[in-house]
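Asks: I'd like to ask some things about the structure below.
The values are calculated or read from the model by the stated rules, or taken from the named source; none is laboratory data. The structure presented is a predicted model; accordingly, all values stated were derived computationally and were not measured. Because the Cβ atoms are built from the backbone with ideal geometry, glycine has one as well, and the counts that use them run over all protein chains shown. Quick note on the areas: whole protein, heavy atoms, side chains included, nothing else; ligands and nucleic acids left out. Shrake-Rupley method; radii C 1.70, N 1.55, O 1.52, S 1.80 Å.
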Amino acid sequence: MHEILSDSLNALYTLLIQLGVYAGLPGLYLCIRNGGRNGGLNRGPNPRQFPAFATVCLSTALLMAFQAIFSTILAFLLPAFSSAQHLALLLPGTVLAGECARRLAPERAPPDPWLPWILLLAVTVRMLPAVQAAALGQSDAYSHLQFLRDAVNTGHLRHGFYPPGHARVTAVAAWAGGLSPHVLARHGGAFYGLGLVAGIYVLTAKASAPVAARTAARTAGLLAAAFPGIVPLLRTGVGLFANQLGLLWIPFLLFMTLGDRETRKVRLISGTVLGLGLLLTVPMMLLDLAPVLLLWACLRLSPRVSVPLALSVLVAGVIASLLLLAQFAPESREAMVRMLTLGDLESPGIRETFVHLLSDYLLPGRTAHPVWVRIPVLGLALLALAATWPCKNRPPAWMPLLILCGISGIQSATAILQFTTYQRAGWFFLLSACALGGVCHAGIRNRFPRPRLWDAALVCVCLISLIHPPQHRPHLSGNEEQLVRTLLELRSRHAVCTHDVCVTHEAPVHLHARAFTRFDGAQGDPVPAYLEDIPCFRFHRYLPGDLVPPPPAGLNIFLLDPDPPPPTGDEIFDREVTLLVEINKKMRATLNTLREDEATWLDADLSTGPHGFEIHTGMVPESHSDQ
């Protein structure tokens, strides 16, 4: 009970710090900018007034994009920068974001009494999994824990090609609130999930008819907050990884496509800022969104040639991008091809790289979704695109949602216009489904005999997510929860260790475990991800084909983790995990050899998990190590 309470307080404190930095600062600026009248948030530069909620949401999204851009520029200029320099970047970002938001607000609307409860439900659903489980679960979560620690310490990531935007944006909360990276990695995702729900609410209100704007936004926000049918989208608010920040920006990018001539320039500037932020955070997500933006732009500019022009511009943009990627050094091209397409090309040339990437992107390929999911998704996508045709000469405000639903549905069902290993369009489809669900519900709600009864039924369905929260499935081990709790216990025991103390007074602790990933530098491996900043530990990672030699003299800890995670459906990934799990047999054989030689081995199993997880601790004498 004490542990649950402590985790709950950590989650709440993390959320408050993130809200204070990215929502509180723009709100404070707007209050000061407008002289404090009407709360400082309900006045704009034109006669139209707008709700404070939409303004703060827009300024929050823009501030995070400015922070990603400014911090990247600073990192390019300086080899390392302090937390004070990074926090100072918030000041110009707050001013610019606030000024843009004041000019971008939608029409004034009375406050929605449902809105606080929708946001509270969204936060609670996304906080519950992190409070209930210490394991991060998501496949890249431990890499992002390491990237976040890099951003907090130096501002530079260990992976030179990985986009740094998400880590640097999140690092601000670590500096501002004194949060440790592993606490942020566990509880920080709820903030981005909350921002996504708020963005869908604001976008739906803007895209709906004024008469039905509140009902549509309310329904869309409720669906995005906790509807059990969109579990993959709900999971993006659990843990910490870059895609959640990219998804937060998607509704606001679509928001910039809607508006009148008066706000065209500021919408163009704000959309460019959000696009640059997305480029520095999840560039592949921007590539997935490109067909939607191009088709919508063509519909607005020239309805008669919209489809041919959109396809031509899209193909030209893809070819230019892939030609740019193909210019990398040969070893970089080989790694890039393997990372994006799982292709195995040895020292590929520019032409070979370009053809391979282009064919993988344009042609149908394998997807992670079963057939019974792909067929209805494809049907709904084609229906959405067909619905855009009657309105092509005078597209309504909700047209971008139909285009997003149609194109992302086709991408998800067929893997067209996506790389094999970077398929994110399913999230776009669910996002657009929430918004369109709100628009449709607002249009037919009053035709029901008892509309409030339908509202109550929808609320009850969404409350199911509180009983079954969207927990990530373990990707690296069947004992991932037990492993992470063990690592946190080891961390708490040695947290006071400094490098000088380790060298002069304490013998190092040798930690033996199988490798959980094959990435260079132990990237994404949970063992070093939690303990690499404590110098007392010496890591011994064993890959398939490695020998497990006798342990060195001193204190040794063996982590035996023989239970693989549940199958993911990805044959390549599952086969790789199986090979990594086999290393436990070699580690156990080494332990048995120690006991047979009657070495001084103090066996003390700290804990034993339900699936064979074991911890063996022992002292190896100098004499045995010399042998």
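Asks: Considering (1) more than 16 Å from the chain's Cα centre (by Cα); (2) at pLDDT 90 or above, say which one Leu179 fails and leave the rest.
Replies: (2)
Asks: Ok, one more. Restricting to region 517-533, give me the number of residues that are open to solvent by 10 Å² or more (accessible area, probe 1.4 Å) and of a type in the set (A, V, I, L, M, F, W, C).
Replies: 2
Asks: Next question, about the same structure. Can you tell me how many residues in region 447-482 are in contact with a helix residue (DSSP H, G or I) (Cβ under 9 Å, 6 or more places away or on another chain) and in a helix (DSSP H, G or I)?
Replies: Number of matching residues: 11.
Asks: Considering every residue within region 134-144, establish whether at least one is surrounded by fewer than 24 Cβ atoms within 10 Å (Cβ to Cβ), at pLDDT 85 or above and not polar (S, T, N, Q).
Replies: no
Asks: Is it the case that some residue within region 375-382 is part of a helix (DSSP H, G or I), without any contact (Cβ under 8 Å) to a residue 24 or more places away in the chain and farther than 24 Å from Ala207 by Cα?
Replies: yes
Asks: Within region 264-273, is even one residue at positive phi and either open to solvent by less than 10 Å² (accessible area, probe 1.4 Å) or in contact (Cβ under 8 Å) with a residue 40 or more places away in the chain (or both)? Steps first, answer last, please.
Replies: Taking region 264-273 as the starting set, the residues that turn out to be at positive phi are none.
No, because not a single residue in region 264-273 is at positive phi and either open to solvent by less than 10 Å² (accessible area, probe 1.4 Å) or in contact (Cβ under 8 Å) with a residue 40 or more places away in the chain (or both).
Asks: To continue, here is another question. I'd like the full set of residues that are exposed (fewer than 14 other Cβ atoms within 10 Å of the Cβ), at pLDDT 80 or above and in a loop (DSSP other than H, G, I, E, B), limited to region 100-118.
Replies: Correct list: Pro113 only.
Asks: Check off (1) acidic (Asp, Glu); (2) modelled with pLDDT under 65; (3) closer than 17 Å to Pro474 by Cβ for Asp563 and give me the number that stays unchecked.
Replies: Asp563 satisfies all of (1) acidic (Asp, Glu); (2) modelled with pLDDT under 65; (3) closer than 17 Å to Pro474 by Cβ except (2).
Asks: May I ask you to verify whether Leu531 is touching a helix residue (DSSP H, G or I) at 6+ places or on another chain (Cβ under 8 Å) and modelled with pLDDT of 85 or more? Outline the logic, then answer.
Replies: On the way: touching a helix residue (DSSP H, G or I) at 6+ places or on another chain (Cβ under 8 Å): yes; modelled with pLDDT of 85 or more: yes.
When the stated conditions are applied, Leu531 passes them.
Asks: Now for a separate question. Can you find a residue in region 253-260 that is touching an Asp or Glu at 6+ places or on another chain (Cβ under 6 Å), outside any helix (DSSP H, G or I) and open to solvent by 20 Å² or more (accessible area, probe 1.4 Å)? Spell out how you get there, then give the answer.
Replies: From region 253-260, those touching an Asp or Glu at 6+ places or on another chain (Cβ under 6 Å) are none; that's our starting set.
The answer is no; no qualifying residue exists.
Asks: Same structure again: Scan region 530-552 for residues that are charged (D, E, K, R) and part of a strand (DSSP E or B) and report the count. Working first, answer last.
Replies: Keep residues of region 530-552 that are charged (D, E, K, R), which gives 532-533, 538, 541, 546.
Still in the list and also part of a strand (DSSP E or B): 538, 541.
Total meeting the criteria: 2.
Asks: Name the helices (runs of 4 or more DSSP H) wholly inside region 1-99 in which the number of residues that are at pLDDT 85 or above and in contact with a Lys or Arg (Cβ under 7 Å, 6 or more places away or on another chain) is 2 or more.
Replies: Working: elements: 2-19, 25-33, 52-77, 83-88.
Answer list for region 1-99: 52-77.
Asks: While we're looking at this one, here's another question. Can you name every residue in region 489-515 that is open to solvent by 10 Å² or more (accessible area, probe 1.4 Å) and either at pLDDT 85 or above or in contact with a Lys or Arg (Cβ under 9 Å, 6 or more places away or on another chain) (or both)?
Replies: Correct list: Pro508, His510.
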